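Working notes, structure below.
The values are calculated or read from the model by the stated rules, or taken from the named source; none is laboratory data. Since we're looking at a predicted model, the values are computed, not measured. With ideal geometry, Cβ positions are generated from the backbone for all residues, glycine too; neighbour counts draw on all protein chains shown.
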Amino acid sequence: MFLSIFDIFKIGIGPSSSHTMGPMTAAARFLDDLRNGREKEPGAGELAAVSCSLHGSLAFTGKGHATDRAVILGLSGFVPATLDPDRAAALEAEVRANGIVTPNGLPPLKFQPDTDLVFDYDQILHGHPNGMILRARDTAGNLYLEETYYSIGGGFVVTAREHAAQTHGGAAALHAEKKAEGCPYPFGSAAEMLRMGRESGKTIAQMKWANETAREGKTVVAEQVDAIWQAMNSCIDRGLRIDGELPGGLRVKRRAKAIHDQLESEAGRNIAQPHVVNDWLSVYAMAVNEENAAGGRVVTSPTNGAAGVVPAVLRYYRDHCIGATEEGRRTFLMVAAAIGGLIKHNASISGAEVGCQGEVGSAAAMAAAGLCAALGGTNEQVENAAEIALEHHLGMTCDPVAGLVQVPCIERNGLGAIKAVSAASLSLRGDGTHFMPLDNCIEAMRQTGLDMSTKYKETSQGGLAVNLPQC
């Protein structure tokens, strides 16, 4: 099995990898199929119009996650990695006003979002909770092309046929297996990862580097890894500079700037309590997730809803840990991606599928493993760190208030970062031996997600989402 670090860490826009980036990517894929003339309906005439229906969690929380905007922009030819988030609102307004999308390489297509973009709360598609159907029609209104897509978390998108071809190991499993060809260390479980490490005498980071550079030179991979960190760090910095109110109607105020200003004013004055380091971790994570909630540029880590944990712990490593190095930073990201790949392959990183244990829980496991490795932990200690962090997120629900990635998501990333550092520290105090293997913990998370009520899996129908303050 091989999922690249660049599959786990993808630069895109907020507020959601599965509800914003995924639908935008699906719409862009649909346009490619139209350009290529794939499986056009027999007898269909000239291409004239497109439409979309959203199902399951994409319907229930789509408006809070800007899924409608994502589809509009995707059908206009934009993709998450290159879209300017500052232009998104204006681009959406233009389509709503004109009722037409004009993607490159295709004729102008009729698309009136008020009628052609349907939030279907009744029909649940069976492949995945995040389902959507895209349709194109000819000038006479006849079906030209139809495709069902599932947004499976972290910005990954598969068609219904691709999804049906997979095993329970995850909808990206076949893709991962194809990419594993030629990789020297294609571990598909933590047990395999540890065994390969023992047999080769290599660290997890070294094996991951070998896998990544089997197709690209080390210089190219290193530059791309550095670009991921630069995007993460820039997101933190932007979130620490901006205050005001987040969009969406809850009137939630940004807090990262004010907290950061307080922490900066206390620096060097010996007035802070020892646990102030937790506030630094929280403020880094909150800065990212406030940017995400505002629709800014973030990095899936492994999702947008959990995008603050890994950058926060990595910033903590750089700015607060003794002996931090650039090589340590790269090691951190490589190992974090290795753990994220294992979780995605063997369970899920989708809140709509397994709850927030699959998002912030996975992110905490990734960050704990990355920090442990960067601080010199053995392979066994790294695996232990990931297990500790994931174990103590089991059962966490995904219940965003009003379908917005704000309450409790922003603070939850801060607490996930704190847990990650604690897990790494505990593992480094031991020798790597422990009772519960990471593989078993991942399987427990998968089973818990299957048993969890859909009310608590990103539908905003339970938990905090329905227990609001009385106004």
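Below, the figures for the structure above:
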{"item": "Test: residue in segment 244-256 that is of a type in the set (Gly, Ala, Ser), modelled with pLDDT of 95 or more and outside any loop (DSSP other than H, G, I, E, B)", "result": "yes"}
{"item": "Residues of segment 283-324 that turn out to be crowded, with 24+ Cβ neighbours inside 10 Å, hydroxyl-bearing (Ser, Thr, Tyr) and over 15 Å from the mean Cα position of the chain (by Cα), as a count", "result": "1"}
{"item": "Hey, Ile133 assigned by TED's automatic domain parsing to the domain that holds Met24, of a type in the set (Val, Ile, Thr) and modelled with pLDDT under 95 or not", "result": "no"}
{"item": "Test: Gly77 is within 22 Å of the chain's Cα centre (by Cα), surrounded by 23 or more Cβ atoms within 10 Å (Cβ to Cβ) and either under 23 Å from Leu246 (Cβ atoms) or not charged (D, E, K, R) (or both)", "result": "no"}
{"item": "Flag for Glu380 being farther than 29 Å from Thr67 by Cα and acidic (Asp, Glu)", "result": "yes"}
{"item": "Any hit, segment 4-23, residues being among the aromatic types (Phe, Trp, Tyr), outside the structural domain of Val298 (by TED's automatic domain parsing) and surrounded by fewer than 24 Cβ atoms within 10 Å (Cβ to Cβ)", "result": "yes"}
{"item": "Filter result for the condition that a residue is in a helix (DSSP H, G or I) and under 21 Å from Thr61 (Cα atoms), over Ile388, Ile418, Ile410", "result": "Ile410"}
{"item": "Condition met for Gln166 (surrounded by fewer than 19 Cβ atoms within 10 Å (Cβ to Cβ), modelled with pLDDT of 95 or more and either among the polar types (S, T, N, Q) or not assigned by TED's automatic domain parsing to the domain that holds Gly340 (or both))", "result": "no"}
{"item": "Qualifying residues in segment 134-143 (those that are surrounded by 15 or more Cβ atoms within 10 Å (Cβ to Cβ) and of a type outside the set (A, V, I, L, M, F, W, C)) - the one farthest from Gly341 (Cα to Cα)", "result": "Asp138"}
{"item": "Residue in segment 30-46 that is under 22 Å from the mean Cα position of the chain (by Cα) and either of a type in the set (A, V, I, L, M, F, W, C) or buried (at least 16 other Cβ atoms within 10 Å of the Cβ) (or both) present", "result": "yes"}
{"item": "Among the candidates Glu291, Glu266, Glu327, residue that is among the acidic types (Asp, Glu), assigned by TED's automatic domain parsing to the domain that holds Leu415 and touching a residue at least 60 places away in the same chain (Cβ under 8 Å)", "result": "Glu291"}
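Table: residues versus (1) in contact (Cβ under 8 Å) with a residue 12 or more places away in the chain; (2) outside any helix (DSSP H, G or I); (3) of a type in the set (A, V, I, L, M, F, W, C); (4) crowded, with 21+ Cβ neighbours inside 10 Å.
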residue	(1), (2), (3), (4)
Asp114	yes, no, no, no
Phe119	yes, yes, yes, no
Gln123	yes, yes, no, no
His126	no, yes, no, no
Met132	yes, yes, yes, yes
Leu145	yes, yes, yes, no
Tyr149	yes, yes, no, yes
Val157	yes, yes, yes, yes
